[in-house]
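Trainee: Would you mind keeping the following structure in view while I ask a few things?
The values are calculated or read from the model by the stated rules, or taken from the named source; none is laboratory data. Note that the structure is a prediction, hence the values are computed from the model and not measured. So basically every Cβ, Gly included, is an ideal-geometry build from the backbone, and we count neighbours across all protein chains shown.
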Amino acid sequence: MEAYELTGAQAREKLRRKEISSRELTKAILNRLKSVEPQIEAYLTISEDLAMKQAEEADIRLTSGMDITPLTGIPIAIKDIICTRDILTTCASQILKDFLPPYDATVIERLRHAGAVFIGKTNMDEFAMGSSTENSAFKITRNPWDKERIPGGSSGGSAAAIAADAAIVALGSDTGGSIRAPASYCSVVGLKPTYGRVSRYGLIAYGSSLDQIGPITKDVMDCALLMNTIAGYDPRDSTSVNSPVPDYSCACGRDVKGLRIGVPGEYFLEGIDPEVENLIRAAIAQMESLGAIPVELSLPHTEYAIPCYYICAMAEASSNLARYDGAHYGDRARGTDNIIDMYSRTRAGGFGTEVKRRIMLGTYVLSAGYYDAYYLKALKVRSLIKRDFEKAWEKVDLIATPVAPTPAFRIGEKTTDPITMYLSDIYTISLNLAGMCGISIPCGFTSAGLPVGLQLIADIFKEDTLLTAAYAYEQSTEHHKRKPPL
């Protein structure tokens, strides 16, 4: 096995035993990245000099045996929506193309303290607004399993990098499925934590009541190890919850016998690809063979999730992106006659088509005369969706669903039809609206060789239950061990 193929847990053991140095591991990742990057284009910024410096520092820590963590010396890719001090953070947008944050996000601070190695910043849909990573202002990331197809979005760069072994672990963010969908399409593991479990300080905001940072990794154990570092209370984030964080790695390996797994009928209706449905049902049957108990249930307001989400998310996007006006930071249009002209030309030139669409829709639903008809009504529907889940937890411990109705679609296939693109999120957005946690794990491949992910959903702060079930399933299959033909 090549060094770049290692999981985080495997790399940790080799580093601990002095079988490899962090410098050697980082060099192997950088060489692999240079080899595959022209094919997949997962990165926007490659921080080679910083990575090698951090690797040398990690080796000193490893040699001294002091202050060692499971991530010391481990190369990590970071979605380019998370602020990194003195490293470009562009949100894949022209309006932030030269933005060098003067501070680190909380998760980055914690990773620095843990001794992680920053390989670079990964591509994404501009301001996380998209499901395919086609909305980046700079490049289109390609799926390592089929380079004519999308890797999912908006954390497509991070998922593609992990699938291609161009990083050991990665960070993404999830507003409506942006970690889980790319994980499913690229056959990697992606965890969306409970809202408030991981600090959002330094995460450039899209939908503030929906956004969460989470791990994208090669296997479930690495998800647990990364969560151990990034989870926890942060007083700088007003939505952060001051609740004890368990050792998530201890959840991996527990018995799943007797675990009740809900199967909602609303997730298996018309529109789902038959091969996807068969793979998901086979995965549920596999979990039953491990001792879990499938339970049929209903989440009746699921059909309203798409309109509810796109009203709430776009309203928040309209408010959050108002700050990009050319006056404070970010790009500014030149040669303008007055401040109104400067605002207008800065935003017209700085934002891409999809971002403009969402800002306009969000502004519309918040405007006088439409607030009650759209935004207020969406908030009420959001409460009903959350109540559906709360009732479900009285009967089950987990819920199992597809991540997406189809495998990865072709590049350009849905860009001219925004509604069709939005519908690809139908199985992931309810979880964000309700603030729950969810994970995507590889559960097989279609006849065309395209990956499919199983989504497991749990109640708030039940990430340990998610990881227990996901790890048990993963260890009973070989899906996560397959590699794309790069």
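Trainee: Among Y309, Y248, Y267, which is the only one that is touching a residue at least 60 places away in the same chain (Cβ under 8 Å), closer than 30 Å to I359 by Cβ and not hydrophobic (A, V, I, L, M, F, W, C)?
Mentor: Numbers: Y248 fails: closer than 30 Å to I359 by Cβ; Y267 fails: closer than 30 Å to I359 by Cβ.
Only one candidate qualifies: Y309.
Trainee: Name the single residue, out of those in the stretch 309-362 being in a helix (DSSP H, G or I) and among the hydroxyl-bearing types (S, T, Y), that is nearest to I95 (Cα to Cα). Steps first, please.
Mentor: The initial filter retains those residues of the stretch 309-362 that are in a helix (DSSP H, G or I), namely 309-323, 339-350, 353-362.
Still in the running and among the hydroxyl-bearing types (S, T, Y): 309-310, 318-319, 343-344, 346, 353.
Working: Y309: 25, Y310: 23, S318: 15, S319: 16, Y343: 12, S344: 13, T346: 8, T353: 13 Å.
For the stretch 309-362, the residue satisfying everything is T346.
Trainee: Could you please find all residues in the stretch 133-192 being within 14 Å of I76 (Cα to Cα) and in a strand (DSSP E or B)?
Mentor: Scanning the stretch 133-192 gives V169, A170, L171, G172.
Trainee: For D417, only one of the following conditions fails: (1) without any contact (Cβ under 8 Å) to a residue 60 or more places away in the chain; (2) within 27 Å of A285 (Cβ to Cβ). What is its number?
Mentor: Checking D417 against (1) without any contact (Cβ under 8 Å) to a residue 60 or more places away in the chain; (2) within 27 Å of A285 (Cβ to Cβ), the one that fails is (2).
Trainee: State the number of residues belonging to the stretch 317-330 that are surrounded by fewer than 18 Cβ atoms within 10 Å (Cβ to Cβ) and of a type outside the set (K, R).
Mentor: Taking the stretch 317-330 as the starting set, the residues that turn out to be surrounded by fewer than 18 Cβ atoms within 10 Å (Cβ to Cβ) are 319, 322-323, 327-329.
Next, only the ones that are of a type outside the set (K, R) stay: 319, 322, 327-329.
Looking only at that region, the number is 5.
Trainee: I'm told Q455 meets every condition in (1) over 19 Å from the mean Cα position of the chain (by Cα); (2) part of a strand (DSSP E or B) except one. Can you identify the failing condition by its number?
Mentor: Of the numbered conditions (1) over 19 Å from the mean Cα position of the chain (by Cα); (2) part of a strand (DSSP E or B), the odd one out for Q455 is (1).
Trainee: So S424 fits all but one of (1) in contact with a helix residue (DSSP H, G or I) (Cβ under 6 Å, 6 or more places away or on another chain); (2) buried (at least 20 other Cβ atoms within 10 Å of the Cβ); (3) under 22 Å from S131 (Cα atoms); (4) in contact (Cβ under 8 Å) with a residue 60 or more places away in the chain; what number is the exception?
Mentor: (1)
Trainee: Could you please find all residues in the stretch 286-322 being charged (D, E, K, R) and under 21 Å from the mean Cα position of the chain (by Cα)? Before you say what the answer is, go through the steps one by one.
Mentor: Let us first name the residues in the stretch 286-322 that are charged (D, E, K, R), namely 288, 296, 303, 316.
Correct list: E316 only.
Trainee: Of the conditions (1) buried (at least 24 other Cβ atoms within 10 Å of the Cβ); (2) touching a Phe, Trp or Tyr at 6+ places or on another chain (Cβ under 9 Å), S209 clears all except one; give me its number.
Mentor: So the condition that S209 fails would be (1).
Trainee: I've got another one for you. Just one of the numbered conditions (1) within 20 Å of F268 (Cα to Cα); (2) in contact with a helix residue (DSSP H, G or I) (Cβ under 9 Å, 6 or more places away or on another chain); (3) polar (S, T, N, Q) is not true of T465; which one?
Mentor: Of (1) within 20 Å of F268 (Cα to Cα); (2) in contact with a helix residue (DSSP H, G or I) (Cβ under 9 Å, 6 or more places away or on another chain); (3) polar (S, T, N, Q), only one is false for T465: (1).
Trainee: Can I ask one more? So which residues in the stretch 100-110 are charged (D, E, K, R) and either under 22 Å from A163 (Cβ atoms) or part of a loop (DSSP other than H, G, I, E, B) (or both), if there are any at all?
Mentor: Answer for the stretch 100-110, where residues must be charged (D, E, K, R) and either under 22 Å from A163 (Cβ atoms) or part of a loop (DSSP other than H, G, I, E, B) (or both): just D104.
Trainee: Follow-up. Filter the stretch 114-132 down to residues that are within 17 Å of the chain's Cα centre (by Cα) and assigned to a helix (DSSP H, G or I), then give me how many there are. Please lay out each step first, then the result.
Mentor: Kept after step one, since they are within 17 Å of the chain's Cα centre (by Cα), are these residues of the stretch 114-132: 120-132.
Of the ones still in play, those that are also assigned to a helix (DSSP H, G or I) are 126-128.
Counting residues in the stretch 114-132 that are within 17 Å of the chain's Cα centre (by Cα) and assigned to a helix (DSSP H, G or I) gives 3.
Trainee: For the structure I just gave you, tell me whether P264 is surrounded by fewer than 18 Cβ atoms within 10 Å (Cβ to Cβ), under 26 Å from the mean Cα position of the chain (by Cα) and modelled with pLDDT of 95 or more. Don't jump to the end; show me each part of the working.
Mentor: Numbers: surrounded by fewer than 18 Cβ atoms within 10 Å (Cβ to Cβ): no; under 26 Å from the mean Cα position of the chain (by Cα): yes; modelled with pLDDT of 95 or more: yes.
So P264 fails the test.
Trainee: Related question: Exactly one condition in (1) surrounded by fewer than 23 Cβ atoms within 10 Å (Cβ to Cβ); (2) closer than 14 Å to A458 by Cβ; (3) within 25 Å of the chain's Cα centre (by Cα) is not met by T416; state its number.
Mentor: (2)
Listed here are the residues, each with its yes/no results for (1) at pLDDT 95 or above; (2) in contact with a Ser or Thr (Cβ under 9 Å, 6 or more places away or on another chain); (3) of a type in the set (G, A, S); (4) more than 26 Å from E478 (Cβ to Cβ).
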residue: L203; (1), (2), (3), (4): yes, yes, no, yes
residue: G207; (1), (2), (3), (4): yes, yes, yes, yes
residue: G214; (1), (2), (3), (4): yes, yes, yes, no
residue: A224; (1), (2), (3), (4): yes, yes, yes, no
residue: R236; (1), (2), (3), (4): yes, yes, no, yes
residue: A251; (1), (2), (3), (4): yes, yes, yes, no
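Trainee: Which of the numbered conditions does F99 fail, given that it passes all the others? Conditions: (1) in contact (Cβ under 8 Å) with a residue 40 or more places away in the chain; (2) touching a helix residue (DSSP H, G or I) at 6+ places or on another chain (Cβ under 9 Å); (3) of a type in the set (A, V, I, L, M, F, W, C).
Mentor: (2)
Trainee: Could you look through the stretch 349-368, keep only residues that are among the small types (G, A, S) and touching a residue at least 12 places away in the same chain (Cβ under 8 Å), and pick out the one that is surrounded by the fewest Cβ atoms within 10 Å (Cβ to Cβ)? So that I can check it myself, show each step before the final result.
Mentor: Pass one, the stretch 349-368, residues among the small types (G, A, S): 349-350, 352, 362, 367-368.
Okay, now just the ones that are also touching a residue at least 12 places away in the same chain (Cβ under 8 Å), so 349-350, 352, 362.
Details: G349: 13, G350: 24, G352: 19, G362: 26.
Result: G349.
Trainee: Restricting attention to the stretch 442-486, which residues are surrounded by fewer than 19 Cβ atoms within 10 Å (Cβ to Cβ), modelled with pLDDT of 95 or more and among the hydrophobic types (A, V, I, L, M, F, W, C)?
Mentor: Of everything in the stretch 442-486, those that are surrounded by fewer than 19 Cβ atoms within 10 Å (Cβ to Cβ), modelled with pLDDT of 95 or more and among the hydrophobic types (A, V, I, L, M, F, W, C) turn out to be F445, A448.
Trainee: Can you tell me which condition A161 does not meet? The list is (1) under 16 Å from the mean Cα position of the chain (by Cα); (2) within 21 Å of D417 (Cβ to Cβ), and all the others hold.
Mentor: Looking at each condition in turn, A161 falls short on (2).
Trainee: May I pose another question? In the stretch 355-370, what count of residues is obtained for those that are more than 15 Å from N320 (Cα to Cα) and either modelled with pLDDT of 95 or more or among the hydroxyl-bearing types (S, T, Y) (or both)?
Mentor: Within the stretch 355-370, the first condition is being more than 15 Å from N320 (Cα to Cα), and the residues that meet it are 367-370.
Going one step further and asking which of them are either modelled with pLDDT of 95 or more or among the hydroxyl-bearing types (S, T, Y) (or both), we end up with 367, 370.
The qualifying residues number 2.
Trainee: Still on this structure: How many of the residues making up the stretch 233-258 are among the hydrophobic types (A, V, I, L, M, F, W, C) and in contact with a Gly (Cβ under 7 Å, 6 or more places away or on another chain)? Steps first, please.
Mentor: Of the stretch 233-258, the ones among the hydrophobic types (A, V, I, L, M, F, W, C) are 241, 245, 250-252, 256.
Next cut, in contact with a Gly (Cβ under 7 Å, 6 or more places away or on another chain) only: 241, 245, 256.
Matching residues across the stretch 233-258 total 3.
Trainee: Could you run through the stretch 289-304 and say how many residues are of a type in the set (A, V, I, L, M), part of a loop (DSSP other than H, G, I, E, B) and either free of Cβ contacts under 8 Å to residues at least 60 places away in the same chain or more than 15 Å from Y427 (Cβ to Cβ) (or both)?
Mentor: Number of matching residues: 2.
Trainee: Inspect the stretch 467-483 for any residue being in a helix (DSSP H, G or I) and touching a Pro at 6+ places or on another chain (Cβ under 7 Å) and give the result as yes or no. Steps first, answer last, please.
Mentor: Of the residues in the stretch 467-483, the ones in a helix (DSSP H, G or I) are 467-475, 479-481.
Remaining after also requiring touching a Pro at 6+ places or on another chain (Cβ under 7 Å): 479-480.
Yes; the residues of the stretch 467-483 include at least one that is in a helix (DSSP H, G or I) and touching a Pro at 6+ places or on another chain (Cβ under 7 Å).
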